[in-house]
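The values are calculated or read from the model by the stated rules, or taken from the named source; none is laboratory data. Here the structure is a predicted model, which means the values were calculated and not measured. Counting neighbours? That spans all protein chains shown, and the Cβs are built from the backbone with ideal geometry, glycine included.
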Amino acid sequence: MLVDSHCHLDQLPCPMGALTAAAAAGVKRVVAVSEDPESIHAVLHLQRQAPAQVYPGLGLHPAWISRSTPAQIEAALELLDRKLSQAAVLGEAGLDHKWAVTVAERQYQSDILDQQLTLAERYGKPVALHSRRCLRQTMDRAIAFRERTGLQAQLHWFTHSRKLVRRCNEAGIFVSVGPTLIGHPPTQSVVQEIADDLLLLETDAPVRVNGRTGHPAHTRDVAQAVADLKAYNIDAVAALTTGNIARFLGWDATADVPGRSDVTTGRGVA
Ligand SMILES: [Zn+2]
């Protein structure tokens, strides 16, 4: 079994059809992350439609923070507080310096991330973090969160720096790898550095990579690329990364529907 650890399932033209196609490719579960109030509701709706396949990530994306009013953000944080107990993970949250340019804008984004991390701690949820043009700052937040709470953290699409990945390995931070790995030696050299027990697979679908619109079924192609890179077979990559996401989300990896009860009770296993 493969798991797509980061997918914007609600943004695909036909999410339920995508789940069927993904399952046919061996991708049996998808962490469906959200970005804003609308997608928080959409992701929870998808989870009700396909509870064995969809694991909701509820969070506010830093790009959305940067284009929203304080009143919209306050309402969204209240929504998150009401709904987070139903989530598998808090995300997609994080920092994005493409959309926050001034010191004040960056501080504001950072403050809202703090409030989301406080909610994750309150509800005992792991966090999935986005980072753009501020890799070290985001990584430092993930490490501090993990050290303070004992909860898990994932840096998604964090395949730009071998040095930062080594720091994640030391701190026990999960790093997810997407389709940019395929045929791209600089990314491959970073992925080589990720500790086996912290490696997750993702697609970030429907984001386009190499001219192809993302789809959760492409998790299989990412798994194959990891297998080629590390000289494992794809079954070994599937077993490894599924065990990892089970640890990240606090699933019982042996259950038919892993950790459905754990999803609501919270705290990930160590
Ligand atoms: Zn994303």
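Residues in region 4-27 that are within 13 Å of the ligand (Cβ to nearest atom) and in a helix (DSSP H, G or I): L9, D10, Q11. Kindly provide the set of residues from region 95-112 that are within 15 Å of the ligand (Cβ to nearest atom) and either surrounded by fewer than 16 Cβ atoms within 10 Å (Cβ to Cβ) or in a helix (DSSP H, G or I) (or both), ordered by number. Passing the criteria: only K98. A single member of Q11, Q47 is over 20 Å from P179 (Cα atoms) and of a type outside the set (G, A, S), and it is Q47.
Residues that are touching a strand residue (DSSP E or B) at 6+ places or on another chain (Cβ under 7 Å), small (G, A, S) and not in a helix (DSSP H, G or I) within region 128-153 comprise A128, S131, A153, listed in sequence order. Note on region 28-43: residues that are within 10 Å of the ligand (Cβ to nearest atom) and either part of a strand (DSSP E or B) or more than 10 Å from K83 (Cβ to Cβ) (or both) total 2. Residues of region 115-161 that are small (G, A, S) and either more than 15 Å from the ligand (Cβ to nearest atom) or crowded, with 24+ Cβ neighbours inside 10 Å (or both): A120, G124, A128, A142, A144, G150, A153, S161.
One line per residue, one yes/no per condition, for (1) modelled with pLDDT of 95 or more; (2) within 16 Å of the ligand (Cβ to nearest atom); (3) surrounded by 15 or more Cβ atoms within 10 Å (Cβ to Cβ); (4) part of a loop (DSSP other than H, G, I, E, B):
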{"position": "G183", "(1), (2), (3), (4)": "no, no, no, yes"}
{"position": "V207", "(1), (2), (3), (4)": "yes, yes, yes, yes"}
{"position": "A217", "(1), (2), (3), (4)": "yes, no, yes, no"}
{"position": "R220", "(1), (2), (3), (4)": "yes, no, yes, no"}
{"position": "A223", "(1), (2), (3), (4)": "yes, no, yes, no"}
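Tell me which of these E92 doesn't satisfy, since it passes every other one: (1) under 15 Å from the mean Cα position of the chain (by Cα); (2) more than 16 Å from the ligand (Cβ to nearest atom); (3) not aliphatic (A, V, I, L, M). The one condition E92 does not meet is (2).
Given the residues D228, D235, D196, which is the only one that is in contact (Cβ under 8 Å) with a residue 40 or more places away in the chain, surrounded by fewer than 16 Cβ atoms within 10 Å (Cβ to Cβ) and more than 16 Å from the ligand (Cβ to nearest atom)? Residue meeting the stated conditions: D196. In this structure, R67 does not satisfy being charged (D, E, K, R), surrounded by 22 or more Cβ atoms within 10 Å (Cβ to Cβ) and in contact (Cβ under 8 Å) with a residue 24 or more places away in the chain.
Per the conditions (1) surrounded by fewer than 19 Cβ atoms within 10 Å (Cβ to Cβ); (2) in a helix (DSSP H, G or I); (3) touching a residue at least 24 places away in the same chain (Cβ under 8 Å), the sole criterion not satisfied by L80 is (1).
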